[in-house]
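Have a look at the structure below, then the notes.
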Amino acid sequence: MALVAGVAGCGGDDGGGGTQAQPGTFEGKGPITWATGKDTSGYIKSALDKWNKDHPSEQVRLIELPEAADAQRQQLIQNAQTKSDAYTIVSTDVVWTAEFAANGWIEQLPENEFPLDKMLQPAIETAEYFNKLYAVPWRTNGGLLFYRKDLLDAAGVTSAPKTWDDMKQACQKVQAKNPGIGCYAGQFEKYEGLTVNFSEAVHSAGGVVVDDQGKPNVNTPEAKQGLDFLAQGLSSGVIPRDAVTYKEEEGRRAFQDGKLIFHRQWPYQYVLANTTDGSSKVNGKFAVAPLPGSSGPGKSSLGGLNLAISKFGKNKGSALEFIKFITSEAEEKVQLEKTSEAPVYTALYDDPSLQQKFPYLPMLKASVENAVARPRVVKYGDTTLAIQEEAYAALTGKKSSDQALKDLQSKLESISK
């Protein structure tokens, strides 16, 4: 957060400074729009149908953004920089809050109108800038390890791996019986998912990307161990070469097609991989475990989406009421049951009936509570691009891990000035 404080003055004169901003009045009522990533589950459409039926004069129109988070961010920023009223509500990655609030692109929201006391604290923190609420947690997220339990059982591996070495040894045993299957994959294409996976590897080896004072500290032996896990995994074949082209969906399809033993993924994969319509070859054959690390359980990057109101949108009163509806505990339960997305309400993780249907909920809750945030900085776009560039260079063999981390440290120090 020290990085954020150092550049807080970048905000515009229209309420972007964070410390002086006051919540808007949110009085306008009427039709609104919601700009968010592609609705692959169908849940959003069903929620909009419910709202629109009950609010004929406050219809919500969905505007689907590109699949990749980087492209979503670019489109949202372009809209905000032109002060366009095309978007009323915007879905924001949990690491965009500081950037969007400091630049005056989203409204400060009235905290007392949302049940924040019932939500997971890490999710709430992602929606705040200088201790003021600029978005409402909608989905949180923690990385999990999906694995082929049937293949591990057949190979005599009785438990999920807790360390990277455990995972490699399990793969060797499974591949001895199934030589064509890949060991492990995550999201290693050069996009936001690589920032997530790189950060997880570094944190899971005991390193940091930025330290407690907000200073870059990535050129360390611990960070090298994390990056080497990924880079050496690719060079040795533990990670299939195709994995450098994987985003979430490419990896999901590979796992569902039976091409992977282990897959680092968000929980939304659970429902899709368990479908019985023929789209998944692994339904009923896999289980979920915490991410492994260098010497014990790893640490996930904190993921998720928040909902914010554009500074330039129309009918903000209707927008505020719709956000209350879509982020309510009742709707979050519906969303969980339909999509296996991670809710933000603590009680849903502790519900026995939901745990029976989604047995991974306790470990997902632990993953979220122990997750490490990506750098919360105003210049997040520059920061994540630097991470992606250097991590990808190491993964593809264009640079050694040592050189990539040295160059990344230099870039992050320059960005934070």
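Each residue of the range 380-390 is assigned a 3J(HN,Hα), and the resulting list reads 5, x, 5, 5, 5, 5, 5, 4, 4, 4, 6 Hz, derived from the Karplus form 6.51 cos²θ - 1.76 cosθ + 1.60 (θ = phi - 60°), x at Gly and Pro.
Starting from the Cα of GLU413, move 7 Å in the Cα-to-Cβ direction to define the label point; list residues of the range 194-216 whose amide nitrogen is under 17 Å from there. Only 208-216 pass the distance filter. Using a 10 angstrom cutoff on alpha carbons, build the Gaussian network for the chain and name the most mobile of THR97, THR276, THR327. The residue that fluctuates most here is THR276.
Evaluate Rg over Rh across the range 156-203, taking Cα atoms for both radii and Kirkwood's formula for Rh. Walk me through the numbers on the way to the answer.
On the way: Rg = 13.2 Å, Rh = 12.4 Å.
Using Cα coordinates only, the ratio equals 1.07.
Converting phi to 3J(HN,Hα) with the Karplus coefficients 6.51, -1.76 and 1.60 and the offset θ = phi - 60°, the range 172-181 yields 4, 5, 5, 5, 5, 9, 9, x, x, 9 Hz in sequence order, with x at every glycine or proline.
Taking a straight line from the alpha carbon of LYS316, these lysines sit under 18 Å away, with near neighbours fewer than eight places off in the same chain left out: LYS29, LYS83, LYS324. Quick note on the range 104-214: its Rg to Rh ratio, both from C-alpha atoms and Rh being the Kirkwood radius, is 1.12. With all protein chains in place and ligands, DNA and RNA left out, the 1.4 Å accessible area ranks SER279, SER46 as SER279, SER46, largest first.
Hey, what D do you get for the range 253-334 in µm²/s if you plug the Kirkwood alpha-carbon radius into Stokes-Einstein at 20 °C and 1.002 mPa s? It would help to have the intermediate numbers written out before the result.
Working: Rh = 16.4 Å.
For the chosen part, D equals 131 µm²/s.
Applying a threshold of 24 Å to the alpha-carbon distances of LYS333/LYS379; LYS162/LYS365; LYS247/LYS398; LYS190/LYS299 flags LYS333/LYS379 as lying beyond it.
The largest-to-smallest principal axis extents of the Cα set in the range 192-290 are 50, 29, 21 Å.
The translational diffusion coefficient of the range 292-409, from Stokes-Einstein at 25 °C and 0.890 mPa s with a Kirkwood hydrodynamic radius over alpha carbon pairs, comes to 138 µm²/s.
Within the straight-line cut-off of under 16 Å between alpha carbons, the lysines reachable from LYS132 are LYS311, sequence neighbours fewer than 8 places apart in one chain being disregarded. Rounded, prolate or oblate for the range 38-189? Axes are the square roots of the Cα gyration tensor eigenvalues, ordered a ≥ b ≥ c, and the cut-off for rounded is a/c under 1.5. Verdict is prolate for the range 38-189.
Expressed as a whole percent, the accessible surface of the chain that belongs to carbon and sulfur atoms is 47, based on a 1.4 Å probe. Volume per residue for the chain equals 129 cubic angstrom (convex hull of Cα atoms).
For TRP164, TRP34, the ranking by accessible surface with the largest value first comes to TRP164, TRP34, using a 1.4 Å probe.
The values are calculated or read from the model by the stated rules, or taken from the named source; none is laboratory data. These numbers come from a predicted model, not from an experiment. Reconstructed Cβ throughout: ideal geometry from the backbone, glycine too, with neighbour counts over all protein chains shown. Accessible surface areas use protein heavy atoms only, side chains included; no ligands, DNA or RNA. Shrake-Rupley method; radii C 1.70, N 1.55, O 1.52, S 1.80 Å.
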